[in-house]
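Have a look at the structure below, then the notes.
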Amino acid sequence: MKKNSKIITLAITLALISSGAFAQGLHPYKQKFADMQTWAPTAPKDINLKNFRPYRAVYGRTYTNARGEKVNDQIIMSAQYVYWYGKRVILFEYHDVGAKEFHDTNARTQFYYLDEKTLQMYMAVGPKAGTPQDYTSVRVLEDKITTSRLNTSTGEVDFKELKTSAPSFGFRQLRFLMWGAMDLEVGKKIKLQPLYNAPSAQSTLAAGIVTDQVDFTMPDKTKKRPFIVENTNNPTSAIMHQFHIINEAPYVLAQGLYNADQKKVTSWWLKLQHFEYLDEK
């Protein structure tokens, strides 16, 4: 993902949890996350992707870049069936198109090979944070996860591995896809764990709470009833990520940055502009 001053890694959240300071440091709106340590972690049986069809979705996005400037660009997501060592899997592609007027908003493309039902990850390839010309590849093996980070100008490779036999639910960037494959209801608390943090080669998590179900008008004027899943990266901030989630493609309809102090969405990290199925049904 691009640089964004509002995004703070979940490692900070985990450090607060382990130090016992999490509940005391929470923004008042985020007290609902105070007992997150007691939530049951996600298991493969909790995720069952239904209603999947190959698709393509285009989203508008507004964010603040490294210079503090407001940037508007697009995200293109697509998913289709492919075969990975003879096994049918889903190839999920995330294309960050960049914005031509800003030097630090370059195009970035990520590829994920996922189990077609549980969405457990087999392999991922994508750019290193901050350097879109350099790439990271991740392989999930039976007893470990390996990360190779390539500097394309020097040819140097930084190799890391995490010894684990636990299932991997991919990266935090895909948390909306996991939520779309779960049975959601208002009040449900979700701890996606383990997820994988490629830069640190460590396991992490993503916590979310289903807070509402709302009306949403699709680009073709059809109506949907997505659930709102709230997720936070920074426990002390007033900013909460609100995902609009449905159980069919494109799974995420919008991702708003909700300011709890102002009691409104102040910008849209994702907002659906175009959607189409890629099969012939």
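The values are calculated or read from the model by the stated rules, or taken from the named source; none is laboratory data. All values reported here derive from a predicted model rather than from experimental measurement. Note: ideal-geometry Cβ built from the backbone for every residue, glycine included; neighbour counts use all protein chains shown. Remember, those area values only see protein heavy atoms, side chains included, never the ligands or the DNA or RNA. Shrake-Rupley method; radii C 1.70, N 1.55, O 1.52, S 1.80 Å.
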Query raised in the report: Got a sec? What order do Arg88, Arg172 fall in by accessible area at 1.4 Å, biggest, i.e. largest, first?
Result: Arg88, Arg172
Query raised in the report: Which Cα, out of Tyr258, Leu174, Pro44, lies furthest along the positive dipole direction of the chain (beta carbon charges, K/R +1, D/E -1)?
Result: Tyr258
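Show me the ranking of peptides 63-75, 242-254 by mean Cβ neighbours inside 10 Å, starting with the highest. If you can, show how the numbers build up before the last one.
Numbers: 63-75: 15.4, 242-254: 21.5.
Answer by packing, highest mean first, reads 242-254, 63-75.
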**Report entry** Computed E for Lys191/Thr266 - FRET, C-beta separation, R0 25 angstrom, nearest 0.05
**Finding:** 0.40
Query raised in the report: So, with +1 on the Cβ of K and R and -1 on the Cβ of D and E, and no other charges, what is the size of the charge dipole of the range 68-115 about its Cα centre, to the nearest 20 debye?
Result: 280 debye
Query raised in the report: Solvent-accessible area per residue for the chain at a 1.4 Å probe radius, Å²?
Result: 47 Å²
**Report entry** Proximal aspartates and glutamates relative to Lys117, as straight alpha-carbon distance under 12 Å, when same-chain residues fewer than 8 apart are discounted
**Finding:** Asp46
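Could you give the dipole magnitude of the chain about its Cα centre, charging the beta-carbon of Lys and Arg +1 and that of Asp and Glu -1, in debye to the nearest 20?
Values: 36 positive and 27 negative charges, 70 e Å.
With only Lys, Arg, Asp and Glu charged at Cβ, the dipole is about 340 debye.
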**Report entry** Cα-based reach from Lys263 at 23 Å (exclusive), listing lysines while leaving out same-chain residues under 8 positions away
**Finding:** Lys6, Lys30, Lys32, Lys70, Lys188, Lys189, Lys271
**Report entry** the range 167-281 shape via C-alpha gyration tensor axes, a/c threshold 1.5
**Finding:** oblate
Query raised in the report: Could you give the semi-axes, largest first, of the ellipsoid that matches the range 93-178, computed as the square roots of 5 times the alpha carbon gyration tensor eigenvalues and rounded to whole Å?
Result: 25, 18, 8
**Report entry** Cβ-placed point charges (K, R +1; D, E -1), dipole of the range 207-281 about Cα centre in debye, nearest 20
**Finding:** 260 debye
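Once neighbouring chains are kept in place and the probe is 1.4 Å, which whole percent of the accessible area of the chain is contributed by carbon and sulfur?
Values: 6600 of 13210 Å².
Summing carbon and sulfur atoms, their accessible area is 50 percent of the total for the chain.
Would you work out if the range 73-222 is rounded, prolate or oblate? Take a ≥ b ≥ c from the square roots of the eigenvalues of the alpha-carbon gyration tensor; rounded if a/c is under 1.5, else prolate when a/b is larger than b/c, oblate otherwise.
Values: a/c = 1.71, a/b = 1.19, b/c = 1.43.
The shape class here is oblate.
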Query raised in the report: Which aspartates and glutamates have a Cα less than 16 Å from the Cα of Lys223, not counting those fewer than 8 places away in the same chain?
Result: Asp215, Glu248, Glu276
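Once you sort the root eigenvalues of the Cα gyration tensor of the chain as a ≥ b ≥ c, which label holds: rounded (a/c under 1.5), prolate (a/b larger than b/c) or oblate (the other case)? Intermediate results must be reported in sequence, preceding the final value.
Working: a/c = 1.15, a/b = 1.08, b/c = 1.07.
Rounded is the answer for the chain, as its axis ratio a/c remains below 1.5.
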Query raised in the report: Counting each DSSP H run of 4 or more residues in the chain as -39500 (n - 2.57), what helix-only mean residue ellipticity at 222 nm follows after dividing by all residues, to the nearest 500 deg cm²/dmol?
Result: -1500 deg cm²/dmol
